[in-house]
Amino acid sequence: MKRNHFFNVMAVCAALSFVACSGQKETSEQVEEETVQLVKIAKVMEQAVPQVVSYTATVEPYKRNSISSSVPNRIKKIYVEVGDKVYAGQKLVDLDQANLAQQKLQLDNLELEYNRVKELFAVGGASQQQVDQLRTQYETTKTAYGNLDENTVLVSPVNGVVTARNFDNGDMASGAILTVMQIQPVKVLVNVSESDFTKVKIGMSVDVNVEVYGDEVFKGKVSLIHPTIDPATRTFVTEINIPNTDSRIRPGMFARVNIDFGNVNRVVVPDQAVVKRSGSGDRFVYVYKDGKVSFNQVQLGRHIDKTYELISGVENGAEVVIAGQSRLKDGASVKIAE
């Protein structure tokens with residue numbers, strides 16, 4: 001009887017052990033099933049991507065001229081106001097000529113004295129030193145008179161517009177009386193990346209948007225390329241001229257310059273594929289292959305419609321995850337959703 005009881009107990013234990021083992025196996029399979037993430041994927045290909053680079057800039061006049069006298073003088077009359085258009089050679093300011101008359105009298109007297117001493121020297125009545133001294137004094141006074149004569153009537157050196165008036169009639173001027181800017185054309189200066197130094201050419205056409213005119217495009221051309229690179233910013237200055245024949249663009253306006261460097265073949269991925277790592281500015285894409293995904297860091301280029309140009313990180317023809325990335329990690333197994 002005891003022997004039968006022993007076999008009954010062993011049978012029960014064996015049955016319980018089988019049930020336990022079966023449950024453990026079933027649970028493992030369920031966990032494994034749950035860790036396989038469902039994803040959607042898309043195949044990416046290279047395509048020609050326009051290499052248009054945008055720069056911000058402030059519009060500047062083609063030329064900026066300060067109208068001033070080289071010597072302090074009293075203003076007799078200013079003929080223009082701020083906003084007036086002027087032409088090259090136009091008289092803008094008359095200065096007091098009293099000093100000019102006094103300087104002319106002194107010059108005439110020196111000329112007479114110089115000629116008299118030269119005549120005396122010819123007959124032995126004066127020394128070479130006297131002649132040299134008077135000649136130096138005469139030439140110095142003549143130069144000063146010429147400078148003063150030029151500075152009693154101030155003219156515009158360019159066609160432009162008066163943008164500042166700093167004095168009134170009767171003031172003693174000792175600086176810029178007026179500012180004249182040439183605004184046909186205008187120019188913008190942009191700091192272009194060192195990597196594009198060999199791509200920028202004199203005469204290259206560029207598109208310019210001026211903020212106050214919305215999406216309207218103004219045509220400009222590269223007119224000057226500075227020959228050195230700024231070691232602090234790794235950029236070089238490029239000057240772009242805009243004809244501005246209607247004078248709508250004014251100095252000080254905010255502009256955006258778009259330089260087209262042509263097309264380059266790049267891998268393009270849907271923007272849903274790009275993942276930003278928390279706590280950093282790095283961008284990643286999950287690449288699918290043989291049931292697993294790899295976490296590839298990528299370098300982004302331009303955002304075009306709903307896609308990103310990739311500078312690096314994903315090969316042409318690769319399959320990338322475009323949905324279901326939230327719980328993925330590098331090397332994770334995945335299933336493709338129907």
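Looking at 261, 254, which is the one that is surrounded by fewer than 17 Cβ atoms within 10 Å (Cβ to Cβ) and either more than 29 Å from the chain's Cα centre (by Cα) or over 24 Å from residue 50 (Cα atoms) (or both)?
Unique residue meeting the criteria: 254.
Looking at (1) over 29 Å from residue 261 (Cβ atoms); (2) without any contact (Cβ under 8 Å) to a residue 24 or more places away in the chain, find the lone condition where residue 198 falls short.
(1)
Considering only residues that are out of contact with any helix residue (DSSP H, G or I) (no Cβ under 9 Å at 6 or more places or on another chain) and of a type in the set (D, E, K, R), look in region 117-138 and name the one that is farthest from residue 70 (Cα to Cα).
That would be 119.
Could you grab the pairs with beta carbons closer than 9 Å, sequence gap of 6+ or different chains, first residue in region 260-272 and under 17 Å from residue 199 (Cβ atoms), second one open to solvent by 30 Å² or more (accessible area, probe 1.4 Å) and not in a strand (DSSP E or B)?
260/204; 261/199; 262/199; 265/316
Can you tell me which residues in region 85-106 are modelled with pLDDT under 80 and either farther than 14 Å from residue 153 by Cβ or not in a helix (DSSP H, G or I) (or both)?
97, 98, 101, 102, 103, 104
For region 34-65, give me the residue count where each residue is under 17 Å from the mean Cα position of the chain (by Cα) and not in a strand (DSSP E or B).
Final tally of qualifying residues: 1.
For region 112-149, enumerate the residues that are open to solvent by less than 50 Å² (accessible area, probe 1.4 Å) and within 56 Å of the chain's Cα centre (by Cα).
Correct list: 138, 141, 144, 145, 146, 148.
Which one of 203, 281, 220 is of a type in the set (Gly, Ala, Ser), more than 30 Å from residue 165 (Cα to Cα), in the same structural domain as residue 305 (by the TED database) and free of Cβ contacts under 8 Å to residues at least 60 places away in the same chain?
281
Would you please name the residue that is most open to solvent (accessible area, probe 1.4 Å), looking only at residues in region 177-194 that are more than 19 Å from residue 57 (Cβ to Cβ) and out of contact with any Phe, Trp or Tyr (no Cβ under 9 Å at 6 or more places or on another chain)?
179
Inside region 150-173, can you point out the residues that are open to solvent by less than 80 Å² (accessible area, probe 1.4 Å), in a loop (DSSP other than H, G, I, E, B) and out of contact with any Phe, Trp or Tyr (no Cβ under 8 Å at 6 or more places or on another chain)?
If the condition is that a residue be open to solvent by less than 80 Å² (accessible area, probe 1.4 Å), in a loop (DSSP other than H, G, I, E, B) and out of contact with any Phe, Trp or Tyr (no Cβ under 8 Å at 6 or more places or on another chain), then 151, 152, 157, 158, 167, 169, 170, 171 are the ones that fit.
The values are calculated or read from the model by the stated rules, or taken from the named source; none is laboratory data. Note that this is a predicted model, so its numbers are computed, not measured. All Cβ positions, even for glycine, are placed from backbone atoms using ideal geometry, and neighbour counts span all protein chains on display. With ligands, DNA and RNA removed, areas are computed over all heavy atoms of the protein, side chains included. Shrake-Rupley method; radii C 1.70, N 1.55, O 1.52, S 1.80 Å.
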